[in-house]
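S.K.: Input: one structure, supplied below.
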Amino acid sequence: RARLSQPEYLKVHISWDESPAVIPPLLLLPFVENLFKYGLRKDALASIQLDIQEGTLHFYREIGVIEKGQKQGTGKGVSLVHRRLEIVFPQSHQLAFGTEGNVYKVDLFISLPTTIPTAHPSLSMLAS
């Protein structure tokens, strides 16, 4: 909150049932980073929701659509996360994103492993 001049424009909700959850480091960072880069404006509410319940991660983010003339993203962050999800969580994730009305949404579901699959390099650092 200390870094936001208008913290009321960002709504954050985090819920976790405290069951074991293995999440690769920095997986969600591009989605959160882009919210701060493109989404915090006085005329549009931005929100982040993270729920981890019964072995399923649900991440939802929405921001007001960028108006013409404002800086816009290239979509590279979303495509990089999508590629990483395909590698780390094949067949166990759903990612949807796009504009609906005046809101850009990212909606991600992941069935999380309860143990660390040490054979995968992006998760091996979690084993130590």
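The values are calculated or read from the model by the stated rules, or taken from the named source; none is laboratory data. These numbers were taken from a predicted model, which means no experiment stands behind them. No Cβ is skipped: glycine too gets one built from the backbone with ideal geometry, and neighbour counts run over all protein chains shown. To get the accessible areas, we keep the full protein, side chains included, count just its heavy atoms, and leave off ligands, DNA and RNA. Shrake-Rupley method; radii C 1.70, N 1.55, O 1.52, S 1.80 Å.
S.K.: What are the residues in region 56-72 that are at pLDDT below 90 and either in a strand (DSSP E or B) or open to solvent by less than 50 Å² (accessible area, probe 1.4 Å) (or both), if any? Reasoning before the result, please.
M.R.: Of the residues in region 56-72, the ones at pLDDT below 90 are 63-72.
Scanning region 56-72 gives Ile63, Gly64, Val65, Ile66.
S.K.: Write out, first by first residue and then by second, each pair whose Cβ atoms fall under 6 Å of each other, whose residues are 6+ apart or on separate chains, and whose first residue, in region 45-57, is touching a residue at least 12 places away in the same chain (Cβ under 8 Å) while the second is hydroxyl-bearing (Ser, Thr, Tyr) and surrounded by fewer than 15 Cβ atoms within 10 Å (Cβ to Cβ).
M.R.: Pairs that qualify, where the first residue is touching a residue at least 12 places away in the same chain (Cβ under 8 Å) and the partner is hydroxyl-bearing (Ser, Thr, Tyr) and surrounded by fewer than 15 Cβ atoms within 10 Å (Cβ to Cβ), are Asp51/Ser15; Thr56/Ser111.
S.K.: Name the residue that is least open to solvent (accessible area, probe 1.4 Å), counting only residues in region 79-105 that are among the β-branched types (Val, Ile, Thr) and not in a helix (DSSP H, G or I).
M.R.: Across region 79-105, the extreme among qualifying residues is Val103.
S.K.: Which of the residues spanning region 35-49 are under 13 Å from the mean Cα position of the chain (by Cα) and open to solvent by 40 Å² or more (accessible area, probe 1.4 Å)?
M.R.: Within region 35-49, Phe36, Gln49 qualify.
S.K.: Would you please list the contacts, defined by Cβ atoms under 6 Å and residues six or more apart or on different chains, that run from a residue in region 1-29 that is at pLDDT 90 or above to a residue that is among the charged types (D, E, K, R) and in a strand (DSSP E or B)?
M.R.: Hits for this filter: Ser15/Asp51.
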